[in-house]
Amino acid sequence: MFWISCPFCGHSFHIKRDTMLIHGMDEGIEKRLADGSYFTHECQHCKKLFYMMHPFLFRDPDRKYVLILSNQESFNNLPVDEQVVVCDRVPDFLLAYKIFSQGADARVVLRVKKQLEARYEGSVVFDSYDCVKNILWFEIDKQMVAVCLDGCHNKGCKK
Ligand SMILES: [Zn+2]
């Protein structure tokens, strides 16, 4: 159980949420992580939408990564041979999930995102990775923009 309070009106409430998910255990949650809605909550009082921040861990033992949403800095009992990414904000965690779950290269995605942000004024949102054509898709001002990557970044791709 978590104690959450609405950032708009201060309404606070208890909510029961999972704190850990292994890839393949719950497709429903993974779908909501992928579309970015998993942490979104509508306040029952003022009806505004906001992100609920609570500790959450996602692990994919096959692709060997662990994504952690937490304000903590150190963690016990993490697998030593898997990449661990710690995020302290919900949008960062959702971006990390999008990148890692599609087998994209986080460094490449963040570098291209930065380049696009420098070139366009609007917000740049990473959408998806086409590992067959090796293309990154971004949404900029409601338009889809494709960025073809040179070389091979599709390690771990299972499509
Ligand atoms: Zn509220």
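The values are calculated or read from the model by the stated rules, or taken from the named source; none is laboratory data. Values in this document were obtained by computation on a predicted structure and should not be read as measured data. All Cβ positions, glycine included, derive from the backbone under ideal geometry; neighbour counts span all protein chains shown.
Being at pLDDT 95 or above, surrounded by 12 or more Cβ atoms within 10 Å (Cβ to Cβ) and under 16 Å from PHE100 (Cα atoms) is a condition met by no residue of segment 36-54.
Here is a yes/no grid of residues against (1) farther than 23 Å from ARG32 by Cβ; (2) surrounded by 14 or more Cβ atoms within 10 Å (Cβ to Cβ):
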position: PRO61; (1), (2): no, no
position: LEU69; (1), (2): no, yes
position: ASN76; (1), (2): yes, no
position: SER101; (1), (2): no, yes
position: ALA106; (1), (2): no, yes
position: TYR129; (1), (2): no, yes
position: ALA146; (1), (2): yes, no
position: LEU149; (1), (2): yes, yes
